[in-house]
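First the structure, in the form of structure tokens, and then the observations on it.
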Amino acid sequence: MQSKKTITILGSTGSIGKSTLDVLARHPEAYSIHALTASGQVDLMLSQCARFRPAVAVMAREDAGRMLADKVKAEGLPVEVRWGAAALDEVASAVEVDAVMAAIVGAAGLSPCLAAARAGKRLLLANKEALVVGGEVFLTAVREGGATLLPIDSEHSAIFQSLPEDPRAWSRRVHKIILTASGGPFRERDPSTLKDVTPEQACSHPNWVMGRKISVDSATMMNKALEVIEARYLFGMSPDQLEVVIHPQSVIHSMVQYKDHSVVAQLGTPDMRVPIAYGLSWPERMISGAAALDFHALAAMTFEATDSQGHPERFPGLHLAWETLKGVPGSCAVLNAANEVAVAAFLNREIRFDQIHAVNRSTLDAWAGPEPHNLSDLYELDRRARETATAKLAQQSA
Ligand code: NAD
Ligand code: MG
């Protein structure tokens, strides 16, 4: 019998974190949990500790950590409670850990991702913003640490499953990568009414149930822009080899077109437990809990260009992926920082939906370098870009 694999889940209280626990619960003989981490959801973390018995629970926020420690003690649970950024890095790189699920939202997940990469872990990456911000610094840490970086984002898992097993063949055989996009909740909405969209409307996605930040990103298509950048780094393609097509049913999760124009795609029901299970079990397969695709019940699979209704202004943010990939080094990280600030402001009802793009655009326009070379450069760039975006925000809401 093989020994159990030990996992840390960064962001266990979120949408991806909970789906990961659901998959792991189906395979108790194969996995044990070293650490669960969250930002501030104390009661949910307490119930996860009671059910999954991790060795360690980490809260990013100190107040939440202290509160959790009291509750864990009161319930007599054998779980060590810690808090703060250093503790996140430690549970991501601890010697007893085999795999790390990176499911924190935003650039906040970068540091523990890099810690896991440097420690040579199997790094299951849902946290796309960490790779968008980290770029080459992230890839260098993976290479130097001897880590295995596996995509969890459904599109990137699909691409990974459609590529040859040997990455050395990718550049030789692949013509382009085609990412599918559902088009989000506003695919058919009159673009002139996008200014009236509420956070509740933006967060109700037609095919996927997700955290609030990625739901807003899906509605603006900034999620797809971040995914184009993510694909560039994961698969080493040039920006011109990356294409996006709208596929409203979310059945084809993405495709690889080879040099002979043969296309290989991965299909399935829209359920994140499939890419999560694949990342955990790769190169093997295991039960995920997702329903099987029923081709007899599938009415149609349709495709549209991203500006197909003649309204390129519906998704103005999508284009920023190629612009930043070809632009001044560091632009991708600036775009991510601006977008995090703008989305938080929209969810807080400080700016309108259509102003998210205005903040991103004007923050990018104000960026002129220098190129980031290491983690401290990236933190400085992220801090400065957030400062600029916050100033642009004030101009928008004035
Ligand atoms: P979520 O908001 O549901 O969960 C985020 C998790 O991160 C929570 O556990 C939260 O406590 C933790 N967290 C938030 N801020 C933190 C901080 N500053 N420090 C430490 N921890 C913090 O988000 P989600 O939908 O699960 O998405 C997580 C990541 O996975 C995102 O990067 C998202 O783009 C990506 N992703 C999600 C989906 C999906 O279906 N939800 C699909 C593909 C990719
Ligand atoms: Mg995705």
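Coordinate-derived values only; no laboratory data. Here the structure is a predicted model, which is why all the values come from computation and not from measurement. Cβ coordinates were reconstructed from backbone atoms using ideal geometry, including for glycine residues, and neighbour counts include every protein chain displayed.
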Fill in the blank from the handout: Once the in-chain neighbours fewer than 8 apart are removed, the lysines whose Cα is under 21 Å from Lys128 read Lys18, Lys176, Lys213, Lys224, Lys326
Exercise for the section: Specify whether the C-alpha gyration tensor of the range 298-362 places it in the rounded, prolate or oblate class, a ≥ b ≥ c being the square roots of the eigenvalues: rounded for a/c under 1.5, otherwise prolate if a/b is larger than b/c and oblate if not. Expected result: oblate
Handout entry: Those aspartates and glutamates that a straight Cα-Cα span of less than 16 Å connects to Lys71, excepting residues fewer than 8 apart in one chain
Key = Asp43, Glu62, Asp63, Glu80
Handout entry: Under-5 Å amide H pairs with Trp83, H placed in peptide plane, nonlocal only
Key = Met59
Exercise for the section: State which helices in the chain qualify, where a helix is a whole DSSP H run, it must extend 20 Å or more along its own axis by its Cα atoms, and its mean Kyte-Doolittle hydropathy must be at least 0.0. Expected result: 128-145, 331-347
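Are there trypsin sites (Lys or Arg not before Pro) in the range 296-363 that DSSP puts in a loop and that have at most 13 other Cβ atoms within 10 Å, and which ones? If you can, show how the numbers build up before the last one.
Values: sites: Arg314, Lys326, Arg349, Arg352, Arg361; in loops: Arg349, Arg352.
Sparse-neighbourhood loop trypsin sites (Lys or Arg not before Pro): Arg349.
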Exercise for the section: Report relative contact order for the chain in percent, whole number only (criteria: Cα-Cα under 8 Å, sequence separation at least 6). Expected result: 14 percent
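Taking all pairs of distinct Cα atoms, average 1/r, flip it, and tell me the Kirkwood hydrodynamic radius of the range 244-398 in Å to one decimal place.
Working: mean 1/r = 0.0533 Å⁻¹.
Result for the range 244-398, one decimal place: 18.8 Å.
Given axes a ≥ b ≥ c from the Cα gyration tensor, I'd like to know whether the range 226-306 is rounded (a/c under 1.5), prolate (a/b larger than b/c) or oblate. Kindly include the intermediate steps, with their values, before the conclusion.
On the way: a/c = 1.90, a/b = 1.21, b/c = 1.57.
Note, shape of the range 226-306 comes out oblate.
Given that compact globular proteins tend to follow 2.2 N^0.38 Å, what is the ratio of the alpha-carbon Rg of the chain to that value?
Values: Rg = 20.5 Å, N = 398, 2.2 N^0.38 = 21.4 Å.
Output field value: 0.96.
Based on a Kirkwood Rh over C-alpha pairs, give the Stokes-Einstein translational diffusion coefficient of the range 327-398 at 4 °C and viscosity 1.567 mPa s in µm²/s.
On the way: Rh = 12.0 Å.
After rounding, the answer is 108 µm²/s.
When the convex hull of the Cα atoms of the range 5-152 is projected onto a plane and the area is averaged over all directions, what value comes out in nm²? Don't skip to the answer; put the middle values down first.
Details: hull surface 30.6 nm².
Mean projected area of the Cα convex hull: 7.7 nm².
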Practice task
Once you've got the GNM for the chain with C-alpha springs shorter than 10 Å, pick whichever of Trp83, Trp367, Trp282 has the biggest mean-square fluctuation.
Solution key: Trp282
